[in-house]
Amino acid sequence: MNFIVENWYLILLAVVSGAMLLLPALQGGAGGLSTAAAVQLINREKGVLIDVCGADEYAAIHAVGAKNVPLADLESRLPAVAKNKALPLVLVCARGSRAQRAAAVAQKLGYTNAQVLAGGLKAWQDAGLPVEKKA
């Protein structure tokens, strides 16, 4: 007990640093690709950009070059859209939550390099990357 009283600042430092390490995971940014890393995968490694939003959302706005495979149809339609399971998949939705679930489904189907775009389509737009909008 004496150690805790005399070294309270070390304990506080440990708690604060632990909280700072956990903050990105709590905000949903853990494990996602940055937009720059996603573009690099698409351009250099022939990665496939898959939009897992519903058909209506996709029709309204989507990243240029993205193929629409709604999350509900992912298991049945993904093998037809991305035949080579070794190529990187970049999964995107509006904010990233559906893409996280889609990554788990893709990995279950054997796509070993399925990754999620951190921040979703919003991050794509914020980075100034091209989108197609419904006219």
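The values are calculated or read from the model by the stated rules, or taken from the named source; none is laboratory data. Computed from a predicted structure; not experimentally measured. Neighbour counts are summed over all protein chains in view; Cβ atoms, including those assigned to glycine, are modelled from backbone coordinates with ideal geometry.
Could we say that THR112 is exposed (fewer than 15 other Cβ atoms within 10 Å of the Cβ) and polar (S, T, N, Q) here?
Details: exposed (fewer than 15 other Cβ atoms within 10 Å of the Cβ): yes; polar (S, T, N, Q): yes.
In short, yes.
Look through ALA102, ALA86 and report the one residue that is over 15 Å from the mean Cα position of the chain (by Cα), closer than 17 Å to GLY47 by Cβ and in the same structural domain as VAL39 (by TED's automatic domain parsing).
Values: ALA102 fails: over 15 Å from the mean Cα position of the chain (by Cα).
Matching residue, one of ALA102, ALA86: ALA86.
So how many residues does region 43-88 have that are surrounded by fewer than 17 Cβ atoms within 10 Å (Cβ to Cβ), assigned to a helix (DSSP H, G or I) and among the charged types (D, E, K, R)?
Result for region 43-88: 5.
Answer yes or no: is there a residue in region 71-94 that is in contact (Cβ under 8 Å) with a residue 60 or more places away in the chain and of a type in the set (S, T, N, Q).
Taking region 71-94 and keeping what is in contact (Cβ under 8 Å) with a residue 60 or more places away in the chain, we get none.
Checking region 71-94: not a single residue is in contact (Cβ under 8 Å) with a residue 60 or more places away in the chain and of a type in the set (S, T, N, Q).
Only one residue in LEU74, LEU22, LEU41, LEU78 is touching a helix residue (DSSP H, G or I) at 6+ places or on another chain (Cβ under 6 Å) and among the hydrophobic types (A, V, I, L, M, F, W, C). Which one?
Values: LEU22 fails: touching a helix residue (DSSP H, G or I) at 6+ places or on another chain (Cβ under 6 Å); LEU41 fails: touching a helix residue (DSSP H, G or I) at 6+ places or on another chain (Cβ under 6 Å); LEU78 fails: touching a helix residue (DSSP H, G or I) at 6+ places or on another chain (Cβ under 6 Å).
Result of the check over LEU74, LEU22, LEU41, LEU78: LEU74.
Between residues in region 98-110 that are within 14 Å of ASP51 (Cα to Cα) and residues that are assigned to a loop (DSSP other than H, G, I, E, B), which pairs lie under 6 Å by C-beta distance while being six or more apart or on different chains?
From residues that are within 14 Å of ASP51 (Cα to Cα), the pairs are ARG98/VAL52; ALA99/VAL52; ALA99/CYS93; ALA102/VAL52.
Can you confirm whether ILE11 is assigned to a helix (DSSP H, G or I), over 15 Å from the mean Cα position of the chain (by Cα), surrounded by 11 or more Cβ atoms within 10 Å (Cβ to Cβ) and of a type in the set (Val, Ile, Thr)?
Numbers: assigned to a helix (DSSP H, G or I): yes; over 15 Å from the mean Cα position of the chain (by Cα): yes; surrounded by 11 or more Cβ atoms within 10 Å (Cβ to Cβ): yes; of a type in the set (Val, Ile, Thr): yes.
Spelling it out, ILE11 is indeed assigned to a helix (DSSP H, G or I), over 15 Å from the mean Cα position of the chain (by Cα), surrounded by 11 or more Cβ atoms within 10 Å (Cβ to Cβ) and of a type in the set (Val, Ile, Thr).
I'm trying to understand the selection: among the residues of region 114-135, which are without any contact (Cβ under 8 Å) to a residue 60 or more places away in the chain and either closer than 18 Å to GLY54 by Cβ or polar (S, T, N, Q) (or both)?
If the condition is that a residue be without any contact (Cβ under 8 Å) to a residue 60 or more places away in the chain and either closer than 18 Å to GLY54 by Cβ or polar (S, T, N, Q) (or both), then GLY120, LYS122, GLN125 are the ones that fit.
Check whether at least one residue in region 7-21 is over 21 Å from TYR111 (Cβ atoms) and assigned by TED's automatic domain parsing to the domain that holds ASP126, and report yes or no.
The answer is no; no qualifying residue exists.
Among the residues of region 52-83, what is the count of those that are over 17 Å from the mean Cα position of the chain (by Cα) and polar (S, T, N, Q)?
Counting residues in region 52-83 that are over 17 Å from the mean Cα position of the chain (by Cα) and polar (S, T, N, Q) gives 1.
In this structure, is ALA19 surrounded by 11 or more Cβ atoms within 10 Å (Cβ to Cβ) and either in contact with a strand residue (DSSP E or B) (Cβ under 6 Å, 6 or more places away or on another chain) or assigned to a helix (DSSP H, G or I) (or both)? Step through it out loud before you land on a result.
Numbers: surrounded by 11 or more Cβ atoms within 10 Å (Cβ to Cβ): no; either in contact with a strand residue (DSSP E or B) (Cβ under 6 Å, 6 or more places away or on another chain) or assigned to a helix (DSSP H, G or I) (or both): yes.
Against the criterion (surrounded by 11 or more Cβ atoms within 10 Å (Cβ to Cβ) and either in contact with a strand residue (DSSP E or B) (Cβ under 6 Å, 6 or more places away or on another chain) or assigned to a helix (DSSP H, G or I) (or both)), ALA19 does not qualify.
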